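K.L.:
Here's a structure for you.
The values are calculated or read from the model by the stated rules, or taken from the named source; none is laboratory data. From a predicted model like this one, the values you see are computed outputs, not experimental measurements. Here Cβ is always computed from backbone atoms with ideal geometry, including for glycine, and neighbour counts include all displayed protein chains. Keep in mind that these areas ignore ligands, DNA and RNA; they rest on the heavy atoms of the full protein, side chains included. Shrake-Rupley method; radii C 1.70, N 1.55, O 1.52, S 1.80 Å.
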Amino acid sequence: AGGPVGLLAFTVVLRTLNCFFVQTSFVPDEYWQSLEVAHRMVFKYPWHNYGYLTWEWTHGLRGYSYPLIFASIYKALQLLAMDDVKLLIWVPRLAQAVLAAFADVKLYSLVQHLENAETAKCVYFCQLCSWFTWYSCTRTLTNTMETLLTIFALSYYPIKGSKMGSSCKYLALVALAIIIRPTAVIPWIPLVLRHFLQEQRKVDLILHNYIPVGLVTVGTSLIIDRVFFGEWVLVQLNFLKFNVLQNLGTFYGSHPWHWYFTQGLPVILGTHLPFFVHGCVLAPKRYRIFLMAVIWTVLVYSMLSHKEFRFIYPVMPFCMVFCGYSLKHLKAWKKSAAICLFLSNLLPALYTGLIHQRGSLDVMSHIQQLCNDSYQSQASVFIMMPCHSTPFYSHVHCPLKMRFLQCPPDLTGNASYIDEADVFYSNPLGWLNKEFYNDTLLPSHLIFFSVLEQEISSFLTLRGYEKTATVFHTQVPQGRVGSHIYVYRKKQTEMDH
């Protein structure tokens, strides 16, 4: 590619392709912490108030700064009378893809600046090859934005030999990342600390950088949340209290302390792992702080019992610097190593992006079709799946009656608390008969995973439901998640009476 503009154009095209090659769902937060909130912010009219906020929002654990980005996209589409459901789904993802492309190029120019063009190309290649980055970088996840902002901040971080370093710029970007996702502070603790210790004019740094940047970002965040919550809320503090001090994240599952070392990091790095280790051995002393940031972040996250792959996604850019460094120094083997890296990441990228867990998005188009039907006002959908398995109104965009099994954690300290989804799964048939004791209460459409069909078949037959669609979901069904999703509809004749 000819020069920086050519490189950017190429990367934008590539990430746009990347965006369309990711058609699967990863985690509920992708929709429930961004698009669903944004959809409710924009399309919440007095006459059809549709939208749903999860418990984190009612308890002030999440801020509106991140959803506001997508709300502005939705508002623009609405004003242009282009708020078609396909655009509501894809435009936010495309915006994220373009931002990811800018971050890729920023990483390239940072390494080019610190090292040389050849090393920069190797780091850029490793970054584009990474299956996990391909899988995650175009998703509307706070973790994705946290990772992109980390790359932007890194490019202004004052490291030895850098002329691009700017305390104010990098601190502002770090602060923005923390506003979007408070855990973004973790990887930056060693970096900010090192910068502070090495800075001669410490008082200046505090007065001219820390204080103004802190006041502006916290102030802005407070005002945005004041507007949408209708009261003053310091979400970062609530988030910290919930996840760290009360450790209530365990409600969503817990893993052994070593999980990130034995599974988390090896899985997201994939075949980059040997390059990463090799790069860590080779890299010059001044990059030790990057390695420190990786180890420190993984250690801190290891202390929290609830663990997920995406939580350590923000350390990937640091890892890529080492991988690229390793690749450049493989002299004679460089070409074959690059081919190996590319091919070994191609399969997982395509498989996770196109096949694994695609049902929960595909089924939404079946629900969306009910919006165009003549009996939309009578139609109602009940999603009987582990909660938040699917997106909601952001992927339907019409005031259809929809409901799903709820699962908020108990914040009152009640030891015997069981959420609705767990109660349902402990006895699905009994629950359904009790809930819909009267035929007038029955939803017109039921949606559930194939594993549930056997258990509730008598209810379906008795109440006159017929299967209208089978949607593939995954080849590795686990527990309550089946290989397919079934759509059942109440027979038409009975709806007319």
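K.L.:
Can you say whether Val98 is open to solvent by 50 Å² or more (accessible area, probe 1.4 Å) and in contact (Cβ under 8 Å) with a residue 12 or more places away in the chain, as far as the supplied structure shows? I'd like the intermediate steps shown before the answer.
P.N.:
Working: open to solvent by 50 Å² or more (accessible area, probe 1.4 Å): yes; in contact (Cβ under 8 Å) with a residue 12 or more places away in the chain: yes.
Taking the combined requirement at face value, the residue satisfies it.
K.L.:
If I filter region 199-215 down to residues being open to solvent by 60 Å² or more (accessible area, probe 1.4 Å) and touching a residue at least 24 places away in the same chain (Cβ under 8 Å), which single residue comes out as farthest from Trp232 (Cα to Cα)?
P.N.:
Restricting to residues being open to solvent by 60 Å² or more (accessible area, probe 1.4 Å) and touching a residue at least 24 places away in the same chain (Cβ under 8 Å), the top hit is His208.
K.L.:
Just checking, does region 35-52 include any residue being β-branched (Val, Ile, Thr) and closer than 30 Å to Ala9 by Cβ? Don't jump to the end; show me each part of the working.
P.N.:
Just the residues of region 35-52 that are β-branched (Val, Ile, Thr), to begin with: 37, 42.
Still in the running and closer than 30 Å to Ala9 by Cβ: none.
No - not one qualifying residue is present in region 35-52.
K.L.:
Kindly indicate which of Ser360, Ser326, Ser336 is more than 25 Å from Ala101 (Cβ to Cβ) and crowded, with 21+ Cβ neighbours inside 10 Å. Before you say what the answer is, go through the steps one by one.
P.N.:
Details: Ser326 fails: more than 25 Å from Ala101 (Cβ to Cβ); Ser336 fails: crowded, with 21+ Cβ neighbours inside 10 Å.
Residue meeting the stated conditions: Ser360.
K.L.:
Residues of region 419-457 being within 10 Å of Met384 (Cα to Cα) and among the β-branched types (Val, Ile, Thr), which ones?
P.N.:
Across region 419-457, the qualifying residue is only Ile447.
K.L.:
What number goes with the only condition from (1) open to solvent by 30 Å² or more (accessible area, probe 1.4 Å); (2) touching a residue at least 12 places away in the same chain (Cβ under 8 Å); (3) part of a helix (DSSP H, G or I) that Phe290 does not pass?
P.N.:
Against the list (1) open to solvent by 30 Å² or more (accessible area, probe 1.4 Å); (2) touching a residue at least 12 places away in the same chain (Cβ under 8 Å); (3) part of a helix (DSSP H, G or I), Phe290 comes up short only on (1).
K.L.:
Read through the list (1) of a type outside the set (Val, Ile, Thr); (2) crowded, with 22+ Cβ neighbours inside 10 Å; (3) over 26 Å from His484 (Cβ atoms), then give the number of the only condition that Tyr64 fails.
P.N.:
Of (1) of a type outside the set (Val, Ile, Thr); (2) crowded, with 22+ Cβ neighbours inside 10 Å; (3) over 26 Å from His484 (Cβ atoms), only one is false for Tyr64: (2).
K.L.:
If you don't mind, there's one more thing I want to ask. Within region 123-135, can you find the residues that are assigned to a helix (DSSP H, G or I), more than 16 Å from Phe102 (Cβ to Cβ) and either of a type in the set (Phe, Trp, Tyr) or open to solvent by less than 10 Å² (accessible area, probe 1.4 Å) (or both)? Explain how you work it out, then say what you get.
P.N.:
Restricting attention to region 123-135, the residues satisfying the condition of being assigned to a helix (DSSP H, G or I) are 123-129, 131-135.
Then drop every residue that is not more than 16 Å from Phe102 (Cβ to Cβ), which leaves 125-126, 129, 131-132, 134-135.
Phe125, Cys126, Trp131, Phe132, Trp134, Tyr135 - these are the residues of region 123-135 that are assigned to a helix (DSSP H, G or I), more than 16 Å from Phe102 (Cβ to Cβ) and either of a type in the set (Phe, Trp, Tyr) or open to solvent by less than 10 Å² (accessible area, probe 1.4 Å) (or both).
K.L.:
In addition: Restricting attention to region 153-175, which residues are at pLDDT 90 or above, small (Gly, Ala, Ser) and within 15 Å of Lys106 (Cα to Cα)?
P.N.:
Ala153, Ser155
K.L.:
Of all the helices (runs of 4 or more DSSP H) wholly in region 1-79, which have at least 1 residues that are without any contact (Cβ under 8 Å) to a residue 12 or more places away in the chain? Explain how you work it out, then say what you get.
P.N.:
Numbers: elements: 3-20, 36-43, 55-58, 65-79.
Answer list for region 1-79: 3-20, 55-58, 65-79.
K.L.:
If you don't mind, another one. Any residue at all in region 306-319 that's open to solvent by less than 20 Å² (accessible area, probe 1.4 Å) and in contact with a Lys or Arg (Cβ under 8 Å, 6 or more places away or on another chain)? Full working, then the answer.
P.N.:
Let us first name the residues in region 306-319 that are open to solvent by less than 20 Å² (accessible area, probe 1.4 Å), namely 307, 310, 312-319.
Remaining after also requiring in contact with a Lys or Arg (Cβ under 8 Å, 6 or more places away or on another chain): none.
The answer is no; no qualifying residue exists.
K.L.:
List the strands (runs of 3 or more DSSP E) inside region 403-497, counting only whole elements, that have at least 1 residues being under 30 Å from Leu61 (Cα atoms) and open to solvent by less than 80 Å² (accessible area, probe 1.4 Å). Before you say what the answer is, go through the steps one by one.
P.N.:
Working: elements: 445-449, 465-472, 484-490.
By residue number, 445-449.
K.L.:
Same structure again: Scan region 460-480 and report the pairs whose first residue is assigned by the TED database to the domain that holds Pro348 and whose second residue is assigned to a helix (DSSP H, G or I), with Cβ atoms within less than 6 Å and a gap of 6+ or a chain change.
P.N.:
Nothing qualifies.
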